[in-house]
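To keep things clear, I will list the structure first and then write my remarks on it.
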Amino acid sequence: MNEILKLSRSTVEKYLSCPRCCVLDKKYKIKPPSLPFTLNIAVDNLCKNEFDYYRKIQKPHPLFIEYGIDAVPFKHKDIELWRSNFQGIRYKSIEHNYDFGGAVDDVWQKKNGDLIIVDVKATSRNNFDWSETFNKYDYAKAYKRQLEMYQWLFKKNGFQVAKEAYLLYFNGKKNEELFNNQLNFEVHLIKLDCSTSWVENKIIDTVNLLRSDVFPKPSLNCEYCNYLKKRWQLSIT
């Protein structure tokens, strides 16, 4: 019997974008360099604090009213656990012997009981256009997959989940005339029609790869693999 394999939402996303990087990360603990997005973390925390206020009084956030969403922030004893990066919401498969999880940013509940899964993002662009971003950049499609994986987790934990999910995007205004030690944001609430039908198969594919002796070839579109390839080619000339 294989030892239970613990993996995160980001592990499956790595598998989808580059199986080689997934193996390097999970099996060999070799991770690409990265920087902490401290401003994004600050926006996340402030946003969560605000939703927690409306969660406590069980009233709709003003955004819900503005966008016609008949819901309130979901009040549940495990909300902090689900939002914890070190735990999140998890599902254990006995059949395939894995423990899969991810940390959500927030959860809202509609009048009919359906849960709406929400993820908070921060950026700073002169012209924010989600449709253009989604069609042009792979990371935007990964945001949608992220929400779909979270939806799947809630379903597996016995919750009734809405088909739609939301990205709450804060776009920092960088062309203001005066700074005054304040960063102002445009707020964009983006509704995504989601499907979880693909999630379980890709989790199982990821588990099978990590349990195998296969070492995948570099992905053609992986920026890290391409960087290392070019660096290696230069070093041997």
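Greater than 21 Å separation of Cα atoms is the criterion. Which listed pairs, LYS29/LYS121; LYS92/LYS202; LYS56/LYS111, meet it? Going by Cα-Cα distance, LYS29/LYS121 fall outside the 21 Å limit.
Among the listed pairs LYS27/LYS156; LYS110/LYS136; LYS48/LYS77, give every one whose C-alpha distance is greater than 23 Å. With Cα atoms farther than 23 Å apart: LYS27/LYS156; LYS110/LYS136.
Amide H contacts for ALA122 (H built 1.01 Å from N in the peptide plane; partners 5 or more residues away or on another chain; cut-off under 5 Å): PHE170.
Cβ-Cβ distance of TYR137 and LEU220, R₀ of 22 Å, FRET efficiency by 1/(1 + (r/R0)^6): the value works out to about 0.85. Shown in residue order for the range 117-123 are the 3J(HN,Hα) couplings computed by the Karplus curve 6.51 cos²θ - 1.76 cosθ + 1.60 at θ = phi - 60°: 8, 10, 10, 9, 10, 9, 8 Hz (x for Gly and Pro). Full extension of the chain segment joining LYS230 with HIS76 gains 50.5 nm, where the gain is 0.36 nm per residue of separation less the Cα-Cα distance. By the rule of a second cysteine Cβ within less than 4.7 angstrom, the chain holds isolated cysteines at CYS22, CYS47, CYS194.
Near VAL161, the amide H atoms lying under 5 Å from its own belong to LEU115; only residues 5 or more places off or on other chains count, and H is placed 1.01 Å from N. Annotation: extensible slack from LEU39 through LYS202 equals 55.5 nm (criterion: 0.36 nm per residue apart, minus Cα-Cα distance). Between the listed residues TYR150, TYR53, SER235, the Cα displaced farthest toward the positive end of the dipole of the range 5-235, a dipole computed from Cβ unit charges relative to the Cα centre, is found at SER235. Rounded to whole numbers, the Karplus 3J(HN,Hα) couplings from phi for the range 96-107 are 9, 6, 10, 10, 10, x, x, 9, 8, 8, 7, 9 Hz, using 6.51 cos²θ - 1.76 cosθ + 1.60 with θ = phi - 60°, and x at Gly and Pro. When you work out D = kT/(6 pi eta Rh) for the chain at 20 °C and 1.002 mPa s, using the Kirkwood radius from C-alpha pairs as Rh and the Stokes-Einstein form, the result is 109 µm²/s. Placing dummy labels 7 Å off each Cα toward the beta-carbon, the span from TYR67 to HIS96 is 3.0 nm. The spacing between the range 74-140 and the range 9-52, judged by their C-alpha centroids, is 12 Å. 3J(HN,Hα) along the range 67-83, derived from phi through the Karplus expression 6.51 cos²θ - 1.76 cosθ + 1.60 where θ = phi - 60°, amounts to 9, x, 9, 8, 7, 9, x, 5, 9, 8, 5, 9, 4, 5, 5, 5, 8 Hz, with x in place of Gly and Pro.
For the chain, a simple Cβ point-charge model (Lys and Arg +1, Asp and Glu -1, everything else neutral) yields a dipole of about 700 debye relative to the Cα centre.
Take every pair of alpha-carbon atoms less than 8 Å apart whose residues are at least six positions apart; their mean separation over the length of the chain yields a relative contact order of 21 percent. Rg ratio for the range 18-90: its Cα radius of gyration over 2.2 N^0.38 Å, N being its residue count, equals 1.55. With each label modelled as a point 7 angstrom along the Cα→C-beta vector, the THR123-ASN2 pair spans 3.6 nm. With coordinates expressed along the principal axes, the C-alpha atoms belonging to the range 87-133 extend over 48, 29, 20 Å, beginning with the largest.
We did not get these values from a lab; they are worked out from the coordinates using the rules stated. Keep in mind that what you see is a predicted model, and the values were worked out from it rather than measured. Using ideal geometry, Cβ is built from the backbone for each residue, glycine included, and neighbour counts are taken over all protein chains shown.
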